Every structure is written in C-alpha cells, then in structure tokens.
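The values are calculated or read from the model by the stated rules, or taken from the named source; none is laboratory data. Since we're looking at a predicted model, the values are computed, not measured. Cβ atoms come from the backbone with ideal geometry, glycine included; neighbour counts cover every protein chain shown. Surface accessibility is based on the protein's heavy atoms, side chains included, excluding ligands, DNA and RNA. Shrake-Rupley method; radii C 1.70, N 1.55, O 1.52, S 1.80 Å.
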Amino acid sequence: MGNGVYTCEKENYDVSRERISGEDAGKWFFNQMGIGVEEEKEDKVREHMERCRDSWKQKAVSGEEIYPAAKPFYDLMISDSDELLGIFRRMPKGGLLHVHSAAALSTDGYLELLLTYCGKAETGGGPKINVLTRGDNEGAKYIEGMLLFDYQCRNLPEEVKFRSLSEVIRNIRGRAWLKKMLSISDEYLGSKTDIWAAFNRIFARIDNLYTNRDFYIDYHVAFFQECVMDKINYVELRSGFQEFQDREEKNGKAWVYGERHSRYHVNRHLYYKELTQIVNVKDPDDSFLEALLMAKDMADPDGKHQLKFKVILNARRNLDPNKPEELDKLSKKVDAAIKIKESGNEKLKSLVIGFDFVSEEDRGQDTAFYADQVIYKPFGYGYGGEGEDLRPRIQRIDFFLHDGESCWKADDNMLSAALISKHRIGHGFNLNWFSRLADEILHGEKDAKSGLREPVLEICPISNQLLRYYQDIRNHSAYELMKNGICCVIANDDPLLLGNGGLSYDFWEAYVGMELPYEVIKTSVFIAYLYQEYVYGEEYGCGELSPHPVYDRTKERFEREWGDFVEMAYQQLEKGGR
C-alpha cells in the first residue's frame, strides 16, 4: 500500500503542489466561459475587494470577531457603510432568476408599503386593513398578526380580535411586533425547530391581502422598484395562480383562505390554498398576469430602466399526485399554464416561460411521482381531459424544478430534476452528492459560443442559511460545485420572510461566506445577462440560446455595463472610500 502522491523530496513537493493546485483551479466554470479580469483597473478593484474580505477573515482567525458567514443573516446587520456592500450595490446584477412572487418584496419594503397603503385607505383610496391581535387557537384558522381588509373581517369568530393596521404600524413598538410576525428570526421562532411551519404561518398572515387586485399591483410595483434600486432590470418570478376578490360576496361575506376547507390549519396554509383553488383549463383566469404587467409598467413608466420580467407558474409539491383529487389540481395547473403559452395572447404567451413544483422538498412528494403522473403524461391526463395531442407535457412547456434543497443524503430528486429541467434547477446544492450526474452535466453539450452548460443552478445563500441547510455559509456546497465547473447564478428566494431585498446581500454573503473568486461573481452576472435574451423555442422544451448576433449583442452590453461599474468602483477606490 502507498500514498500515490507522496514525495520525500522538497523539490518534488513544490512542483507537485503547484501543478495540482493549478489543475484544480482551472476547473472553475468562469474559466470554461472565458470570463476573467480584463484590465489593470479591474485588477485593482478585485484586489481591494479581496482585502476587504481578508480583513473579516483576519479578525475571525485572531478571535477578535465571529466570521460574518457564521452568523444568521438577521443577526449580521451589514452596515450601509460597509465598503463591500457599497460595491455590490453599484454592481449590475443581470437578473434575479429565482424569487417567489408572494414573498418578493423585502420585509422593510413590505412594512413601508403597508404604511403607504394605510394613508391611501384613509383618503378613500382603498379598503382599510386590520391586523389580528388575538387569533382562533382552537380552530387555528386565524392567527395573531394576520392582515385582513375591512370586508374580510365581518362574521369573524367571537374570540378573534383585531385593530386597525394604521394604529399598529405607526407605533414604534407595534411596527417592531409586526416585523417579527412577518419575518424569520430566532426571536420569532423561539424554541421551535419547524421553520417551514413558521413559513406557512407568515404566508397565512399576508395571503388574504393578495386577493385584492389593487393591493396586489401596489405590492409588485414596490417590488419592481426595489429591484431597480439594486441594479436589477430583469426578473423571473415564480408565481401561483392568484385569485382576486375585491369585495364581499352577495351573502355579505368575503372569503378568506381559512374558511375554504373544514380541516384548514395555518401551519399548512399553502397546502389548503392549493387544494381548494379552482383552475379553469379551457379558459384560465389570467387577470393576475395582466396585473403583473401593469405593475411593471407603473414601476418603470418611461422605460428608462428597461425593466423586464418573465413568469414561471407553479403548484406546491405537498400535493400528492398519487391521490386523485390532488392529481386533478396539479394536472389542471400545468395544463392551464400550457393553455396560456399556446394562446393567441402574444403578451401572455411570451410572459410565461415554464412551470415548477415549489415548497419544502423534505416533506413534499418525490419528483419521480410528478414525472410519472404529470410531467410525462399528455395534456388532460389526471382529470379526464385527454385530447388528440398525445405529446407529454414536457414537450409543450419547460420545467424549472425546485430540487436538491434537502437535508437528506438519500434524497435522489436531483436525478429527476436534471433529466426534466432543461435550463435551470432551483437550488440544486445537493448535486455534489451525485458525482456521476455532475460528471454527465459537465461533459454534456454546451453552447460553443458562450460555454454555458445547462442545467444552471440557482443558488440562494441567505435562504439556504436561514432555512438551516447551511448555518455557516462557509460550508455551502456551491463552492465545490462551481469549482468543479457547474454553472450557477445567485438569487434571493423569499426576501419578505428573510429580509434580503434585492441581490446585493446575497452576493455579499456568497463572496464573503463562500470566499468565491471575483471572477465567479462576474460570471454568474454574465449568465443572468444571457438569460435576459434567452429564446425559448416554439416547441416548448426545445429552447436554445439566442442566435449568435443576439448573444454578441448581449456580451457587448454586459462588457460595457460591467466596465462602467468597474470604472465607478475604481474611482471610489482612488478617492479613498465609498
């Protein structure tokens, strides 16, 4: 037996160490795509960023401070004066490719929206909002902190008490309490370990407001404006099929989600929302898509920011496709998405780019079940609506699956996701457990011009930390995956619950926490630029990168805008600070 790389000669040690280190570093995906440091000014900026990061590291090594990546994001409180954060805020982001519509606005942004809406309501610009101060503990249909419009508060159980949101949010202590109700932190969770139940409870608090079309639009206007402020001009939203009901029904009542199923419980709010939702496949209600388009136009009325967005429609993976009632719900949602994509409405058919199954993976259904019962079945299967077109659904719409976001090493959903998701996978950090699969991806076909290999992973550092997959971001597997050549982008997932509005915080955490090279940050932004111009083929599931003239134009724009950013950062550096 023997160590195959062992050497007792110092000269051989030096040569071998340099060789192995160089070969290992050469695998990084930015090398494959030809992205690097282009000029002396950029090199100065890169060195300065590394010095900023090293200062944190030296403090940690010396025992002076805990390294930032070891702290939960909500305890980190990155200062606005932090030099690295200032650099990332000025950096063009290319695009936000993984964010959920219902939690897209930051916590602070949401509170500001509520405050603004209160003023609007007081001048007759909309219905007033109330906040529940005592819930229905026995029935668990109404909980403390739940937000409801006036017309949704009629005929509430006697034990449910509420106050005007205006009174609560304009009080410093009330605002702090409300923020705790709407975001994830140890203060909120206390001794609880079920963080996904906490997620459900937060959505149960806010979800009823989205049934009001005006509020839904105002909310997304605020989100798009927050993106623009953080140098994001392209967004891909994961969105469910939103229903609107702006006033009470003829019987004087207005439905809230807690009244739609006799077994409803706030800890499974999103499940019961999906279970009771009606989707008309023949004529899908697309009014929420029209509302999103209106919100985008209101956020960028003169087109100055060239703001664009796309939608990935979704259903929740806690619906079981092996149960007829739930298969019916799942199948109709996918088919409604297909119907919209194949409709004559040019605006909407180009707006919707695919479908996803979202929510907690560890207690959700196996992706293989969706493959067997939904994805590889024809339009109409699952509810008796089969027609003449027997192509599987995957040939009519692209899937962008949430997978590889799990604590279980035996979870093999990544295998299914890589075979089904042609373009990207949501999260996917468990890919490092499947070396053969990773090898297949790395040696698969790539675009000869860009060097981009798909599927690309959508990495959400702060989300992965606060959901307790990686409590210390230094341990995140994305570093290993990127170093071995897997293409990745950085995203934020659920800012409303996590507090990480925009992308600057996630880039900061990825750079400081994972110690990613500057070139990785630059390349992930370039990939996001490429997806802005991605052309999904008329035969869905067969999309390709844009033709080379479009690619060349995108590369030119990226280099110009990145160059402007480098020049700005360099000038700040020359001035001696921010």
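Quick notes on this one:
- Total lysine pairs in region 259-363 at Cα distances under 16 Å, for residues eight or more apart or on different chains: 27.
- FRET efficiency, 1/(1 + (r/R0)^6) with R0 25 Å, evaluated for Leu293 and Asp150 via beta carbons: 0.30
- Computed extension gain for Asp186 through Glu50, at 0.36 nm per residue and net of the alpha carbon distance, reaches 45.8 nm.
- Seen against the Cα atoms of the chain and their longest principal axis, helix 40-61 is set at about 80 degrees.
- Region 377-449 and region 302-350 have Cα centres separated by 17 Å.
- Relative contact order computed over the chain (Cα-Cα under 8 Å; 6+ residues apart), in percent: 20
- Rounded if a/c under 1.5, otherwise prolate or oblate - region 35-193, Cα gyration tensor axes: prolate
- Here the spin labels are modelled as points 7 Å beyond Cα on the Cα-Cβ line, and at Arg17 and Glu567 they lie 4.3 nm apart.
- Annotation for Lys10 and Ile172: the two label points, set 7 Å from Cα along the Cα-Cβ direction, are 6.4 nm apart.
- Helix-only mean residue ellipticity at 222 nm for the chain, each DSSP H run of n ≥ 4 adding -39500 (n - 2.57), per residue, nearest 500: -13000 deg cm²/dmol
- Multiplying the residue separation of Asp283 and Asp320 by 0.36 nm and subtracting their alpha-carbon distance yields 10.8 nm.
- DSSP bridge orientation in the chain - percent antiparallel, rounded to nearest 5: 25
- Pair-distance profile P(r), taking every C-alpha pair of region 142-289, with 5 angstrom steps and integer %: 2, 8, 14, 19, 21, 18, 11, 5, 2, 0
- Cα-based Rg / Dmax (Å) for region 1-125: 23.6, 83
- Centre separation in Å (Cα based) which lies between region 56-74 and region 79-105: 22
- Each of Cys407 and Asp472 was given a label point 7 Å from its Cα along the Cα-to-Cβ line. The distance between the two points is 1.8 nm.
- Maximal additional length on extending the Glu64-Asp552 stretch stands at 170.9 nm, based on 0.36 nm per residue less the C-alpha distance.
- Partners of Lys483 within straight-line reach, counting lysines whose Cα lies under 16 Å from its Cα and excluding those fewer than 8 residues away in the same chain: Lys27, Lys522.
- Each residue of the chain gets 194 Å³ once the volume of the Cα convex hull is shared out per residue.
- Area accessible to solvent at Ser262, 1.4 Å probe radius, in Å²: 100
- Once the Cα atoms are used to define both axes, helix 195-206 deviates from the longest principal axis of the chain by about 50 degrees.
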